[in-house]
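As structure tokens, the structure follows; a few thoughts come after it.
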Amino acid sequence: MLNEIQQNAQNKMNKSINSLGNSFSKIRASRAHPSLLEQIHINYYGSMVPLSQVANISTENSRTLKVSPWEKDMVSVIEKAIMTSDLGLNPQTIGQVIRIHLPPLTQERRGELVKIVKDEAEKTKIAIRNIRRDANSNFKELLKEKEISKDEARKAEYDIQKITDEYIKKIEINLNKKEDSLLEI
């Protein structure tokens with residue numbers, strides 16, 4: 001029973017860490033990467049689909065992304081979607097190929113991105129702490145119903161705190177790596 005609660009909490013914490021990694025990958029440093037365009041959705045014959053399902057996205061060099069739509073009619077739709085996204089990118093179309101040149105980051109923009117990254121990390125820490133709180137309330141509920149002893153409840157709370165501390169440390173490590181890559185010139 002206690003192991004199930006701890007395992008469930010650990011699984012949820014893993015999902016939170018994975019979600020943080022996905023969030024961090026969408027925040028670009030100075031290199032072009034196809035995952036930068038993952039959040040863009042295209043109106044494809046009446047339904048919204050991810051850009052990767054209507055075009056091939058690749059990197060030409062460290063500062064250029066190349067988008068090759070599979071259908072000629074989609075070029076203007078894709079170009080408009082990229083322009084209207086909150087990424088601040090300016091696509092250039094040459095025939096059926098869309099190239100996106102990523103400008104070098106200014107020091108001011110790097111500072112803004114670091115703030116965004118710190119905010120994402122803090123949200124993940126809060127999620128981890130909420131998972132710990134839920135697990136502890138499950139332990140207290142078991143204690144209240146006399147299914148476990150006080151000692152077992154205390155040990156379970158201690159164990160879940162150790163797990164929480166591990167995951168908070170992982171968040172800090174990921175945050176420091178991302179900050180370093182953003183501030184790297």
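The values are calculated or read from the model by the stated rules, or taken from the named source; none is laboratory data. Since the model is a prediction, treat every value here as computed from it, not as a measurement. Using ideal geometry, Cβ is built from the backbone for each residue, glycine included, and neighbour counts are taken over all protein chains shown.
Descriptive notes on the structure:
- When the range 41-92 is filtered for residues that are under 24 Å from Leu105 (Cβ atoms) and assigned to a strand (DSSP E or B), the ones remaining, listed by number, are Ile57, Ser58, Thr59, Glu60, Asn61, Thr64, Leu65, Lys66, Val67, Pro91, Gln92.
- Considered as a group, the residues in the range 35-86 that are of a type in the set (Gly, Ala, Ser) and out of contact with any Pro (no Cβ under 8 Å at 6 or more places or on another chain) include one that is farthest from Ser25 (Cα to Cα), and that residue is Gly46.
- The listed residue being of a type in the set (A, V, I, L, M) and over 23 Å from the mean Cα position of the chain (by Cα), out of Ile5, Ile57: Ile5
- Asp119, sole failed condition from (1) in contact (Cβ under 8 Å) with a residue 40 or more places away in the chain; (2) in a helix (DSSP H, G or I): (1)
To keep it simple, each residue is scored yes or no on (1) farther than 14 Å from Ala9 by Cβ; (2) of a type in the set (Gly, Ala, Ser); (3) in the same structural domain as Lys12 (by TED's automatic domain parsing).
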{"position": "Arg129", "(1), (2), (3)": "no, no, yes"}
{"position": "Asn136", "(1), (2), (3)": "no, no, yes"}
{"position": "Lys146", "(1), (2), (3)": "yes, no, yes"}
{"position": "Ser149", "(1), (2), (3)": "yes, yes, yes"}
{"position": "Ala153", "(1), (2), (3)": "yes, yes, yes"}
{"position": "Ala156", "(1), (2), (3)": "no, yes, yes"}
{"position": "Lys162", "(1), (2), (3)": "no, no, yes"}
{"position": "Tyr167", "(1), (2), (3)": "no, no, yes"}
{"position": "Ile173", "(1), (2), (3)": "yes, no, yes"}
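- Residue-level check: of (1) more than 27 Å from Lys177 (Cα to Cα); (2) in contact with a helix residue (DSSP H, G or I) (Cβ under 9 Å, 6 or more places away or on another chain), Met74 misses just (2).
- Picking from residues in the range 136-184 that are touching a residue at least 24 places away in the same chain (Cβ under 8 Å) and outside any helix (DSSP H, G or I), the one that is surrounded by the most Cβ atoms within 10 Å (Cβ to Cβ) is Ile148.
- Where Leu105 falls short, out of the listed (1) assigned to a loop (DSSP other than H, G, I, E, B); (2) at pLDDT 85 or above: (2)
- Any hit, the range 10-33, residues being in contact (Cβ under 8 Å) with a residue 40 or more places away in the chain and farther than 25 Å from Ile116 by Cα: yes
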